[in-house]
Amino acid sequence: MRLFFVAFFFSIVLSSSGQSKIDVLHYKYSIELNDNNDTIYGKASIQLKIISAFGSIKLDLVEINEAGKGMVVESITGPKIKNIVKYRDSVRIILFPDARPALNDTVTYTIKYHGVPADGLIISKNKYGNRTFFADNWPNRAHNWIPCVDDPADKASVEFIVTAPSHYQVISNGLLIEETNLPDNKKLTHWKEDVPLPTKVMVIGAADFAVQRVGEINCIPIFSWVFPENKTEGFYDYAEARDILSFFINYIGPYPYKKLANVQSKTRFGGMENAGAIFYFENSVTGNRQQETLVAHEIVHQWFGNMATEKSFSHIWLSEGFATYLTHIYVEAKYGTDSLNKRMQSEREEIIDFVKTSRKPVVDSISSYMQLLNTNSYQKGGWVLHMLRRQLGDSIFRKSIRRYYEMYAGKNADTRDLQKIFESVSGKDLKQFFTQWLYTAENPKLKITWKNVPNEKKVAVKIEQMQNNLFEFPLDLFLITGLRKNINTKINVSKRVETYYFSTNGPLLSLDVDFNTSILAEISLSEAK
């Protein structure tokens, strides 16, 4: 996802919803929307597997608050229920102690509920004054409008059966199963996704839409869903998705879902990578394709974040860093290496400024979920991948990325899992690399001075690491002399202070450090007096 507006950095802190006792297999939601008020009526059938002995099942669902927003549970039906206990953010189903489901049993509970969503399903008007409904679940806001296990580690297939006034068109995950006109000017729309998803990317969107089929790639249909008032501009802008999708299928591997819909919406984010149905902010439509990199970023998420998902939000860089850097690779392929280097140089400056004040590592288990949408997760995560690529080479990097996806498609991974993949492919021990760049709350700060030693026909280059923690990394040096015998070399920086000597046939005129834009470091460079 892309977060464009700093004003939306608010805190959501909840205890983890994940529970090792159950594994949700499938959600089936029937949702009724209306134009008279913001109350929704829902029925959720939740199929789950018992994976550990227990006496109760906890599902996340926000209870009604003092402002009258939240969900009221009307009934819960299913096997072996003794009692129902409701909390502010959850419902606990208490089971009969002598009739609990057995290990590996599959059971289904059905919950009928209604209410005005406090969050998660955004009911509002678009910029043209038309009423809209857009789910916006990230990071754990789904339980404001649907009962679920609102945790990225518990994936399940999902279907949405939406009944709404007939003028709305409804988009969701998966494939369209049914669209039927009903009495009283209502319409039923049924979408079903068979690939297990985390709740953060399960969505519905209902609005007056213009819909265009852009084409297909490898039998994957691509659609644009935009507001009718700007359909010409929207169809033109979102059509870029076809070539972008083709590029990433070739670079990463097969696309994981059965369709790709790019949707103009009311998401609070710049873009939200909902599986097979990406939501973009409503002003993303301009008619001049200003959001090419945003579209690329969200499409990358279909592989990384949606299909191969982080085990917890502490490792969100496995989503956002991947989407950031693979977008850069797309830009490089289309516009050249200079474009890549300019983007990396710009982001390096952002990272240096951010890390000076944040004092948090990339793998961050302390910050609230929304605060994790920061320069560490996006730009620094991308830079970590960039350095892996520079140090290991393009071939090993791409092979590692593809193997990581193959290994964890449909599953969850953390940073050390990625490390093991890169080590396996490259044959190198990368513990130091991953520890210093992802688990250390600073970057190298280098003071580099150089001095001619004419009596010995040498140049002395002194490198000091000024940061607290000692880093180890390769560094490119380009020594420029007046005799056209320049020196292009790579050194390994590993000590607090070290001086390197280079033989030259003439005085050094200047020194270029990291000329390939390969290292994330703050560098001061000067000639020693």
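The values are calculated or read from the model by the stated rules, or taken from the named source; none is laboratory data. Computed from a prediction, not measured in an experiment: that's the story for all the values here. Don't worry about glycine lacking a Cβ; one is built from the backbone with ideal geometry, like all the others, and counts go over all protein chains shown. The protein model used for the area step is the full one, side chains on, heavy atoms only, and it has no ligands, DNA or RNA in it. Shrake-Rupley method; radii C 1.70, N 1.55, O 1.52, S 1.80 Å.
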From GLU298, GLU350, residue being crowded, with 19+ Cβ neighbours inside 10 Å, part of a helix (DSSP H, G or I) and within 21 Å of the chain's Cα centre (by Cα): GLU298
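Open to solvent by 20 Å² or more (accessible area, probe 1.4 Å) and either closer than 25 Å to TYR238 by Cβ or modelled with pLDDT under 95 (or both): is that true of GLU193 in this structure?
Taking the combined requirement at face value, the residue does not satisfy it.
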Answer from LYS43, LYS21, LYS86, LYS58 - the residue that is under 24 Å from SER172 (Cβ atoms) and either open to solvent by 30 Å² or more (accessible area, probe 1.4 Å) or at pLDDT 90 or above (or both): LYS43
From the options THR435, THR449, THR440, residue that is farther than 30 Å from ASP23 by Cα, under 29 Å from the mean Cα position of the chain (by Cα) and not in a loop (DSSP other than H, G, I, E, B): THR435
Selection status of THR499, polar (S, T, N, Q) and modelled with pLDDT of 90 or more: yes
All strands (runs of 3 or more DSSP E) inside segment 185-258 with 1 or more residues being in contact (Cβ under 8 Å) with a residue 60 or more places away in the chain: 186-197, 204-207
Filter result (of a type in the set (Phe, Trp, Tyr) and open to solvent by 30 Å² or more (accessible area, probe 1.4 Å)) within segment 472-489: PHE478
Only listed residue being touching a helix residue (DSSP H, G or I) at 6+ places or on another chain (Cβ under 6 Å) and either touching a residue at least 24 places away in the same chain (Cβ under 8 Å) or closer than 15 Å to LYS49 by Cα (or both), chosen from ASN126, ASN144, ASN140, ASN130: ASN126
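Would you point out the residue of segment 153-181, among those that are closer than 18 Å to ALA277 by Cα and outside any strand (DSSP E or B), that is farthest from the chain's Cα centre (by Cα)? Break it down into steps so the answer makes sense when it comes.
Of all residues in segment 153-181, those closer than 18 Å to ALA277 by Cα come to 155-162, 168-179.
Next cut, outside any strand (DSSP E or B) only: 155, 168, 173-174.
Numbers: LYS155: 15, TYR168: 29, ASN173: 17, GLY174: 19 Å.
Only one residue fits best here, namely TYR168.
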Meets criteria (surrounded by 14 or more Cβ atoms within 10 Å (Cβ to Cβ) and of a type in the set (Lys, Arg)) for ARG131: yes
Members of segment 220-270 that are within 20 Å of the chain's Cα centre (by Cα), open to solvent by 10 Å² or more (accessible area, probe 1.4 Å) and aliphatic (A, V, I, L, M): ILE249
Pair list, Cβ under 6 Å, 6 or more apart: segment 90-105 residue in contact (Cβ under 8 Å) with a residue 24 or more places away in the chain, other residue in a loop (DSSP other than H, G, I, E, B): VAL91/LEU61; LEU95/GLY55; LEU95/LYS80
Given (1) at pLDDT 95 or above; (2) in a loop (DSSP other than H, G, I, E, B); (3) open to solvent by 40 Å² or more (accessible area, probe 1.4 Å), index of the condition PRO361 fails: (3)
Number of positions in segment 301-334 that are closer than 20 Å to LEU388 by Cα, of a type in the set (D, E, K, R) and part of a helix (DSSP H, G or I): 2
Scan of segment 476-487 for residues that are modelled with pLDDT of 90 or more and of a type outside the set (D, E, K, R), ordered by number: LEU477, PHE478, LEU479
Exclusive hit being part of a loop (DSSP other than H, G, I, E, B) and open to solvent by 50 Å² or more (accessible area, probe 1.4 Å), set ASN455, ASN469, ASN492: ASN469
Failed condition for PRO97, given (1) out of contact with any Gly (no Cβ under 7 Å at 6 or more places or on another chain); (2) open to solvent by 50 Å² or more (accessible area, probe 1.4 Å); (3) farther than 30 Å from LEU373 by Cβ; (4) modelled with pLDDT under 95: (1)
Odd one out for THR517 among (1) more than 13 Å from PRO444 (Cα to Cα); (2) assigned to a strand (DSSP E or B); (3) touching a helix residue (DSSP H, G or I) at 6+ places or on another chain (Cβ under 7 Å): (2)
